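Peer 1: Below is one structure. I have some questions about it.
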Protein chains: 2
Amino acid sequence: MSTVKRDEVCEVSFINKKKVNFVKKRMKPERTFQLLAETFRVLGDPTRAKIIFALSQQELCVCDIANLLGMSKSAVSHQLRVLRNMRIVKYRKEGKVVYYSLDDDHIKNLFDECLNHVEE
Amino acid sequence: MSTVKRDEVCEVSFINKKKVNFVKKRMKPERTFQLLAETFRVLGDPTRAKIIFALSQQELCVCDIANLLGMSKSAVSHQLRVLRNMRIVKYRKEGKVVYYSLDDDHIKNLFDECLNHVEE
DNA sequence: CAAATAGTTGAACATATGTTCAACTATATC
DNA sequence: GATATAGTTGAACATATGTTCAACTATTTG
């Protein structure tokens, strides 16, 4: 073996092979962790958190959300697209106006659980 | 008024002032949304999601986590610091070895709820 | 049909974030 | 005390992300 010390995948023998194998067997597939992280990541931005909260209270159009948050319509629209892509919000068109609302109770539950956590 | 069209804070009259005020009254303080987003953001990375899941199954040292995830100790340690700062994991020292475990059931519940969501 | 308005979009920009690398500390062992 | 190992840390780097800006579409109204 070379004498070069490299900080790569813990070349060292396992500290506790049993424990590692125990967890390895229970580990979820890569795809699950990707989805999990993606879901949390979308909620993990203050602007999107505000939008989600606002829509949990009331169906709103883009302009109203922009007013509420003191942001540009463009910025809000970009974020709404992210939420749309993740199926977190849905929308309906009424003339020129596009009304957004939450698509999924699941997300609202998740959101509320975290809200209790940080508000306690 | 100038004729220049600028895409700033929706200068346009409100679409529905009543709705906006309704939500404005119920709106949480800025700080709450910051905390909320910060909490979600920490969970919103695949590496950290894996670490949290692993620690929900078994107390592990840094080297074992690195082995499990196929990552460098350094990368894992950096992420553990993030989780430590958010009080999501705690640790105990035993000689040279540092054992990490989840600090808070609250986070595990949040995590599991999202896991059900993406696994269904 | 022209003007106004709600909303969307892509490019540009600044900032945030995750991993690597190298150097470091602390503990155990020879 | 020298060496090896577990873990941490800061800087550097590449990439991801959020907002702005300007241009665009679509719908309504004069």
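Peer 1: Between copies, how close do the residue A:98 label points come, placed 7 Å along Cα→Cβ, listed in nm from shortest?
Peer 2: Result for residue A:98, in nm, nearest copy first: 4.6.
Peer 1: Probe radius 1.4 Å, ligands and nucleic acids left out: can you give me the accessible area buried at the A-B interface, summed over both chains, in Å² to the nearest hundred? Walk me through the intermediate numbers first.
Peer 2: Values: alone 9760 and 9770 Å², together 13490 Å².
The contact between B and A buries close to 6000 Å².
Peer 1: For the range A:34-84 and the range B:18-75, write down the distance between their C-alpha centroids in whole Å.
Peer 2: Each part reduced to its Cα centre gives a spacing of 18 Å.
Peer 1: Which residues make up the longest stretch of chain A that has no trypsin sites (Lys or Arg not before Pro) in a DSSP loop with at most 16 other Cβ atoms within 10 Å?
Peer 2: Looking at chain A, A:7-86 is the longest stretch - no exposed trypsin sites (Lys or Arg not before Pro) with at most 16 other Cβ atoms within 10 Å.
Peer 1: Can you give me the % of accessible surface on the range B:42-99 that is carbon or sulfur? Probe 1.4 Å, all protein chains present, nothing else counted.
Peer 2: About 43 percent, which is the carbon plus sulfur part of the accessible surface.
Peer 1: Once label points are set 7 Å from the Cα along Cα→Cβ at both residue B:113 and residue A:120, what is their separation, rounded to one decimal in nm?
Peer 2: About 1.1 nm, to one decimal.
Peer 1: Turning to a different aspect of this structure: Based on the alpha-carbon set only, what is the convex hull volume of the range A:30-119 divided per residue, in Å³?
Peer 2: Here the figure is 100 Å³ per residue.
Peer 1: Still on this structure: With the alpha-carbon atoms as the only input, what is the per residue convex hull volume for the protein assembly as shown in Å³? Please report the intermediate quantities before stating the final value.
Peer 2: Values: hull volume 39.1 nm³, N = 240.
It comes to 163 Å³ per residue, whole-number rounded.
Peer 1: Label-to-label distances across copies for residue A:21, with labels 7 Å out along Cα→Cβ, in nm, shortest first?
Peer 2: Copy-to-copy label distances for residue A:21: 6.9 nm.
Peer 1: Mind listing the long-range amide H neighbours of residue B:103? Cut-off is under 5 Å, sequence gap 5 or more, other chains count too, H placed in the peptide plane at 1.01 Å from N.
Peer 2: Long-range HN contacts for residue B:103: B:89, B:90.
Peer 1: With an 8 Å Cα cut-off and a minimum separation of 6 or more residues, compute the relative contact order for chain B in percent.
Peer 2: 19 percent
Peer 1: At 1.4 Å probe radius, can you tell me the per residue accessible area of the range A:30-119 in Å²?
Peer 2: Working: 3980 Å² over 90 residues.
Normalised by residue count, the accessible surface of the range A:30-119 is 44 Å².
Peer 1: Counting partner chain Cβ atoms within 10 Å of every residue's Cβ in A:70-82, what's the average? Could the numbers behind the result be given before it?
Peer 2: Values: counts 3, 3, 5, 5, 2, 2, 1, 0, 0, 0, 0, 0, 0.
Across A:70-82, the average partner-chain Cβ count within 10 Å equals 2.
The values are calculated or read from the model by the stated rules, or taken from the named source; none is laboratory data. Everything quoted here is computed from the prediction, not taken from an experiment. Here the Cβ is made from the backbone with ideal geometry for all residues, glycine too, and neighbour counts use every protein chain on show. Heavy atoms of the whole protein, side chains included, go into the accessibility calculation; ligands, DNA and RNA do not. Shrake-Rupley method; radii C 1.70, N 1.55, O 1.52, S 1.80 Å.
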